[in-house]
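First the structure, in the form of structure tokens, and then the observations on it.
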């Protein structure tokens, strides 16, 4: 896997794709392709690098919680096939935010990262109060001998492709639309922790996932899903409950619970990756545990069919 660096330990000189690139959708990938294209042999070799800020500037400046479509470790796996050789996270602080555009480019990009080429989207802003735009970046870069490339926004229908649009789809439970915009499946991972065994008492044992709190999760509800154990390729059909337990324990906090279909495994402590396929229904309170169990049986049947269809479409096989 490609390395994750801070600016001090990064390999240099660099060709930089600069931005948050949350979700790494096709608009992001178009920006990244500019710095991974082959260069003439006589030019100085550079390291294709993605540079982002961590944490998100709005978290530092305004105290907002910014959930991510991709956590840094997930992004490493997505960047490597694109030809990127390192991900550099610039620690965002109030001191960095106070830099005007020219000192930011000179100190961070030119001096620390020895940037020779920079690619950004046309909406990129930087410097104190977001006062710098792509024209400023091109002007400052030219003075420092840095080749700056600006890529236009990518449109899909009447709206541009964006991380915000993908989040809206997930927040509505529209997994298919999110995957279409990402051009890849939406997934998340977590370690299986021991729960209270309520699902097992109902005949539907679940793996309770501890998911990083910075990860953007979809709308609460019941989903058809695929699941993988860490280090294994075989997909397992699953039904997932995301949210509280309105019938069993209405006061319990929101949780991610995964029930494997046609499998019985001890998963405590295992890292499990989950790919939601389709929202089957929103959560609801049932009159009795028997009613809940009957509904789960219906959910499981639909989820199994969805999982089989998904594996057929990708010419894969369910792990058995």
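The values are calculated or read from the model by the stated rules, or taken from the named source; none is laboratory data. Just so we're clear, the structure is a prediction, and the values are computed from it rather than from any experiment. Using ideal geometry, Cβ is built from the backbone for each residue, glycine included, and neighbour counts are taken over all protein chains shown.
Here are the numbers for this structure:
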quantity: Condition check for residue 268: in a loop (DSSP other than H, G, I, E, B) and in contact with a strand residue (DSSP E or B) (Cβ under 6 Å, 6 or more places away or on another chain); calculated: yes
quantity: Candidate set: segment 126-136, residues that are at pLDDT 95 or above and part of a helix (DSSP H, G or I); chosen: the one nearest to residue 18 (Cα to Cα); calculated: 134
quantity: Residue 51 vs. criteria within 12 Å of residue 21 (Cα to Cα) and touching a helix residue (DSSP H, G or I) at 6+ places or on another chain (Cβ under 9 Å); calculated: yes
quantity: Any hit, segment 217-237, residues being over 21 Å from residue 178 (Cβ atoms), at pLDDT below 85 and surrounded by 19 or more Cβ atoms within 10 Å (Cβ to Cβ); calculated: no
quantity: Checklist (1) modelled with pLDDT of 95 or more; (2) touching a strand residue (DSSP E or B) at 6+ places or on another chain (Cβ under 7 Å) applied to residue 283, failing item; calculated: (1)
quantity: Pairs with Cβ under 6 Å, 6+ apart, first in segment 259-274 and closer than 18 Å to residue 318 by Cβ and in the same structural domain as residue 221 (by TED's automatic domain parsing), second modelled with pLDDT of 85 or more and outside any strand (DSSP E or B); calculated: 259/206; 261/300; 261/304; 273/187
quantity: Leading residue by the ranking (farthest from the chain's Cα centre (by Cα)) among those in segment 151-165 that are in a loop (DSSP other than H, G, I, E, B) and either in contact (Cβ under 8 Å) with a residue 12 or more places away in the chain or within 20 Å of residue 228 (Cβ to Cβ) (or both); calculated: 152
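Conditions tested, residue by residue: (1) touching a residue at least 60 places away in the same chain (Cβ under 8 Å); (2) surrounded by fewer than 16 Cβ atoms within 10 Å (Cβ to Cβ); (3) within 21 Å of the chain's Cα centre (by Cα); (4) assigned to a helix (DSSP H, G or I).
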site: 124; (1), (2), (3), (4): yes, no, yes, no
site: 138; (1), (2), (3), (4): no, no, no, yes
site: 149; (1), (2), (3), (4): yes, no, no, no
site: 167; (1), (2), (3), (4): yes, no, yes, yes
site: 178; (1), (2), (3), (4): no, no, yes, yes
site: 185; (1), (2), (3), (4): yes, yes, yes, no
site: 192; (1), (2), (3), (4): yes, no, yes, no
site: 205; (1), (2), (3), (4): no, no, no, no
